[in-house]
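Read the figures in this text as sums done on the coordinates, not as results from a lab. Computed from a predicted structure; not experimentally measured. Please note: Cβ atoms are built from the backbone with ideal geometry, for glycine as well, and neighbour counts cover all protein chains shown.
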Amino acid sequence: MNRPKRRKLMLVALFASVALIAAACSSSSSDSEVIDFAEIQSSDFEFTVDANGVAKMNVTTNIDAACSIAWGETDELGTIGTDLDMGGTAHDDHEVLLVGAVPGETYQFRVQGSDADGNLFQSELASFTLPEVPASDESMSGDDDMALHGDNLAEGATVVAVSSVFSDAWSGENAVDGDMSTEWATAGSGDDAFIEIDLGSPQDVIGVEFITRTMGDGTATTTEYTVTVDGGDVFGPFSAGDPSDNRFAEALFAGQVLRFDVVSSTGGNTGAIEVRAFASPGG
Ligand SMILES: [Ca+2]
């Protein structure tokens, strides 16, 4: 008889202590009042999707804070993303990756922040719709190039003269074969390097490119070149391109024999992967 009663008392005591802990928690959270995120927000929430389909939220704050975003398909949110650039320190320019968010879909979200004084900030529950995946930079620049110019008239042109060739394997023809893996290399022509090509017939050209070769030690890199048309008009100097940035240079002329002259370089066995002369789009 005595025993059950004691157990009951213990349960009451246990319940009381749980209630006490709960009360302690709720009182501490009510001490640190949650402040509207708008108080520290200094830019709109921006939701973006890059060409790889990676979604991000950006926002800036007028104080240093550590930020995170809770988001999900419903009001219950369920996914949390934290500042990419945390590094353990608070800052005012926040970028948060939205892992798993699908471009074009709409989600509910709330942004939270905390500052060095322990203040907590939270935005109202709101929704965002991610943009669709944009066309990749690569295909965009490809489209631009297509819009910018037509065919490369220099591909397959006859090489009339070159300043020098390092060997038969590095002939001038390598600069007009349309192949990015072959190069014309001079035997130390440096800034005096040139290549003269014949397009076969007079052509209307709207722009040129000189895709320089380069050595692992940095030599043989052409930085600037000119194009002389039929032994007369000189165009440029233009910045030479490389495989990652072809640096299309606009040059409008009609001509058949084009001489590409290196104007400045890092010296040595200069030359080109490709020299190009473009027709107009659709031309
Ligand atoms: Ca080539």
(message) I'd like the residue in region 171-201 that is hydroxyl-bearing (S, T, Y) and touching a Phe, Trp or Tyr at 6+ places or on another chain (Cβ under 7 Å) and, out of all such residues, is nearest to the ligand (Cβ to nearest atom).
(response) S171
(message) Tell me the residue from F238, F253, F260 that is within 14 Å of the ligand (Cβ to nearest atom) and not in a loop (DSSP other than H, G, I, E, B), please.
(response) F260
(request) Quickly run through region 193-203 and pick out the residues that are surrounded by 15 or more Cβ atoms within 10 Å (Cβ to Cβ) and more than 23 Å from G271 (Cβ to Cβ). (result) Q203
